[in-house]
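The values are calculated or read from the model by the stated rules, or taken from the named source; none is laboratory data. If you're wondering where the values come from, they're calculated on a predicted model, not measured in any experiment. Heads up, the Cβs are rebuilt from the backbone with ideal geometry, glycines too, and the neighbour counts pull from every protein chain shown. Each accessible area value is taken on the protein alone, full model and side chains, heavy atoms only, with ligands, DNA and RNA left out. Shrake-Rupley method; radii C 1.70, N 1.55, O 1.52, S 1.80 Å.
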Amino acid sequence: MFKVHNADFIADKLATELLPDQEYREVAKNAEEAVRRRMDAEGVSTGGRIEFDVDWAMFAQTGVRYVCCADNGDAMNRSNLERYMTTLAVEGAGGNQSIHGNQGMGLKISGPTRHKEGVLIRSWLNGQGWAIQVGWNKQDKQYGAIPLGADGEIVVPVPGDMFPDFIREKGSGTVVTFLGNHEHDRTFLPPDRPRGWLFKYLHRRFFRFSREGIEMLVRVPSGDEEDWPTTEAEAQERMRGTGKSFNLSKVYGTAEIWSTAAKKGGAEGVVDVPGDPGNDIPAAKVHWWVLPTGTGTDVTSRTENAGSLAVLYQNELHDWRSSNQANPYFARLGILFGKSRIAFIIEPLGTTVTADFARAHVLVGGKPVFESDAWLVWAEQFRSDERFPEQIKAAMEEEQSRLQADDPDRARRIRERLKDVMSLLRPRRYRRSLDGKVTAVGPDTTGPGDDRGSALERRAGTRAGASTPGTRGIGAVLSQMDDTSGDTANEVFSILSLEPKWVTEAEAEGISIVSGNGKGLHDRAAALAGEDGITAPILLLNKDFRGYQSIIAAVNEWANSDGDEAKAALIETSAQEWIEQKMVEAVNGLRQLENGSSWTAVNFDDALSPVGLTAAFMADRYHTLREVKRAVGSVRRTEPTNA
């Protein structure tokens, strides 16, 4: 049996792995288990209640609004209260201690380390109340029980009025109060927190709640603090419509919130993906929602909005990815457009699925889901034609249709002008396919995955001369070509196949941007839409970017001083075409350098990020301005003005 020399160090070390507000998750789970045990023992299926509220009894004594979690579960007597709250990794009343179950450490690690003043636990059972306080014992300079009694007792009796009515009515229950890190910390509404902070945290944490006989409620304050109620009875009167609201609001969980929103004009469903059992990749469920837009559809006061995804394990949500952070994950699932209307929750299945100690990550085969091969397999299976939901496809097409180019010949003209320069390095790439539409030969190009295929299309009647095998670039391709060999193939990535789209910054919010870094397209010239810099198929160009707008203004001042609308439209169209050409060349020219060693995927993500593309835009405004003026009308004999 191991001995522990410095338990305080272990507590502090484990606490560093915890996510913010983890103590409220721990107390909620303890409360849920206690309520479930009591209901099972009584043979009932309703009447369970968990409340996060002001500790009104403590407020009456101290005048400080501490937050507490109260439940009408099976409670603890005096000896159990001392045993469970002063022993790490103790097997609790549920008897379910395991890697997959209660580990007997969560609240005792997260509570005292986050609340040095202590966590006060009161339990009511068989007409008796008992209390213990666990925190940083200043006298002993260690974590543990803080004496409450006059003679140093750590467990003391407390009267019934220290418990909410719903606990006394049931005859059992527990109240856990968080006292903060300093004397008189107002933990009910900490500084710099929004009014609904705890309400939203619990919604984000749980998949579905307030069902199967147990309700969870959170007090959500409103109005000025000096007008808040000072007793539980007054707060209850407020809920009946007397005075400003100070409601106990029910926690439903993210899935329930999204499902309710989807009923107002969206859609939802579940896609089963089989995984790859032969490679120890379990099956999973991909829960998806298409959320509507418009009045009454915003869910951000309770949980994350569309454009977010999380991982589900044991009714809890982990590893949230939202906003720009979610872009590569949406792109891997096949979502480039309409991201701001779509949401996902990934649910791994099977006995190899666990959570880490901190409940920060869901693990598959010991790795966090989004760092595992399992995620890559599930995403590929989800986006396959036979599984990809039609409702998501329709939402994407609807969003993409708003961004269609007005000039379909523009891409052809740009491609023709860039034809020669794009042939200087690597040519197009193909994947071998039995039903391929072209014949391709040459060496496989470098890079991971099956989609790197043969390097060059073999055209009828062509023949290459010999050169030294093993060389790189165009020479390597020509060395292995002849007029009889070649595999049928389909083009999977082609220089000049990039699709430019002009968008506003607002429109870009719904698109999966590569390396958005929290800013997305805001005050950036361009961005790629897709999974990563080397494969993203869409080039987004920012109509709102000030560098672009300055070019438009300069050409209008030169050629359209009268403000003619037709001329202004011609100037904008011409400017967009030449900027497209410059940015397409910048992206695809850099992609030609790919070699799997000095130019890797992460290099392309950095170089082709919105910041990198903005640098490319700003680098050659001289020629951009000159070409736009030439396209608009006769250029003056004098030197063009820089923009």
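For the range 595-622, give me the residue count where each residue is out of contact with any Pro (no Cβ under 9 Å at 6 or more places or on another chain) and part of a helix (DSSP H, G or I).
Start the filter on the range 595-622 by keeping residues that are out of contact with any Pro (no Cβ under 9 Å at 6 or more places or on another chain), which leaves 595, 597-600, 602-604, 606-621.
From what's left, part of a helix (DSSP H, G or I): 602-604, 606-607, 610-619, 621.
Residues meeting the conditions: 16.
With respect to the numbered conditions (1) within 15 Å of GLY510 (Cβ to Cβ); (2) open to solvent by 20 Å² or more (accessible area, probe 1.4 Å); (3) touching a residue at least 40 places away in the same chain (Cβ under 8 Å); (4) touching a helix residue (DSSP H, G or I) at 6+ places or on another chain (Cβ under 9 Å), which one is the sole condition not fulfilled by ASN279?
(1) is the only condition that ASN279 fails.
Under the condition of being hydrophobic (A, V, I, L, M, F, W, C) and under 30 Å from ARG38 (Cα atoms), which residue from the range 218-233 is most open to solvent (accessible area, probe 1.4 Å)?
ALA233
Restricting attention to the range 67-90, which residues are among the hydroxyl-bearing types (Ser, Thr, Tyr), surrounded by fewer than 17 Cβ atoms within 10 Å (Cβ to Cβ) and free of Cβ contacts under 8 Å to residues at least 60 places away in the same chain?
To start, the set of residues in the range 67-90 that are among the hydroxyl-bearing types (Ser, Thr, Tyr) comprises 79, 84, 86-87.
Next, only the ones that are surrounded by fewer than 17 Cβ atoms within 10 Å (Cβ to Cβ) stay: 79, 86-87.
Within the range 67-90, SER79, THR87 meet the criteria.
So which residues in the range 559-576 are open to solvent by 20 Å² or more (accessible area, probe 1.4 Å) and in a helix (DSSP H, G or I)? Don't jump to the end; show me each part of the working.
Of the residues in the range 559-576, the ones open to solvent by 20 Å² or more (accessible area, probe 1.4 Å) are 559, 561-570, 572-573, 576.
Answer for the range 559-576, where residues must be open to solvent by 20 Å² or more (accessible area, probe 1.4 Å) and in a helix (DSSP H, G or I): ALA559, GLU565, ALA566, LYS567, ALA568, ALA569, LEU570, GLU572, THR573, GLN576.
Would you list the strands (runs of 3 or more DSSP E) that sit entirely within the range 177-293 and hold 1 or more residues that are of a type in the set (Asp, Glu)? It would help to see each step written out before you state the result.
Working: elements: 214-219, 248-250, 267-273, 284-290.
So the answer is 214-219, 267-273.
Of the residues in the range 162-217, how many are surrounded by 14 or more Cβ atoms within 10 Å (Cβ to Cβ) and either of a type in the set (Ser, Thr, Tyr) or closer than 12 Å to VAL251 by Cα (or both)?
Total meeting the criteria: 22.
Which residues, counting only those in the range 1-36, are within 21 Å of VAL176 (Cα to Cα), assigned to a loop (DSSP other than H, G, I, E, B) and either modelled with pLDDT under 85 or open to solvent by less than 30 Å² (accessible area, probe 1.4 Å) (or both)?
If the condition is that a residue be within 21 Å of VAL176 (Cα to Cα), assigned to a loop (DSSP other than H, G, I, E, B) and either modelled with pLDDT under 85 or open to solvent by less than 30 Å² (accessible area, probe 1.4 Å) (or both), then LEU18, ASP21 are the ones that fit.
Could you list, in sequence order, the residues of the range 377-387 that are open to solvent by 10 Å² or more (accessible area, probe 1.4 Å) and either within 10 Å of ILE281 (Cα to Cα) or not in a helix (DSSP H, G or I) (or both)? Show your work before the answer.
Going residue by residue through the range 377-387, those that are open to solvent by 10 Å² or more (accessible area, probe 1.4 Å) are 377, 380-381, 383-387.
Those that are open to solvent by 10 Å² or more (accessible area, probe 1.4 Å) and either within 10 Å of ILE281 (Cα to Cα) or not in a helix (DSSP H, G or I) (or both): VAL377, ARG383, SER384, ASP385, GLU386, ARG387.
Of all residues in the range 577-593 being farther than 13 Å from GLU627 by Cα and of a type outside the set (A, V, I, L, M), which is most open to solvent (accessible area, probe 1.4 Å)? Can you show your working first?
Pass one, the range 577-593, residues farther than 13 Å from GLU627 by Cα: 583-593.
Going one step further and asking which of them are of a type outside the set (A, V, I, L, M), we end up with 585, 588-589, 591-592.
Details: GLU585: 73, ASN588: 0, GLY589: 21, ARG591: 8, GLN592: 17 Å².
Within the range 577-593, the match that is most open to solvent (accessible area, probe 1.4 Å) is GLU585.
Give me the residue from the range 190-219 that is of a type outside the set (Ser, Thr, Tyr), at pLDDT 95 or above and touching a Pro at 6+ places or on another chain (Cβ under 9 Å) and, out of that set, nearest to THR303 (Cα to Cα).
LYS200
I'd like the residue in the range 42-66 that is of a type in the set (A, V, I, L, M, F, W, C) and within 20 Å of MET216 (Cβ to Cβ) and, out of all such residues, is surrounded by the fewest Cβ atoms within 10 Å (Cβ to Cβ).
Here the answer is VAL44.
Taking ASP544, is it surrounded by fewer than 20 Cβ atoms within 10 Å (Cβ to Cβ), within 30 Å of SER323 (Cβ to Cβ) and touching an Asp or Glu at 6+ places or on another chain (Cβ under 8 Å)?
yes
Please go through the range 498-515 and pick out each residue that is under 24 Å from ARG415 (Cα atoms) and either open to solvent by 40 Å² or more (accessible area, probe 1.4 Å) or in contact with a Phe, Trp or Tyr (Cβ under 7 Å, 6 or more places away or on another chain) (or both). Please lay out each step first, then the result.
Our first condition is that a residue be under 24 Å from ARG415 (Cα atoms); within the range 498-515, this holds for 498-503, 513-514.
Selection gives GLU499 alone.
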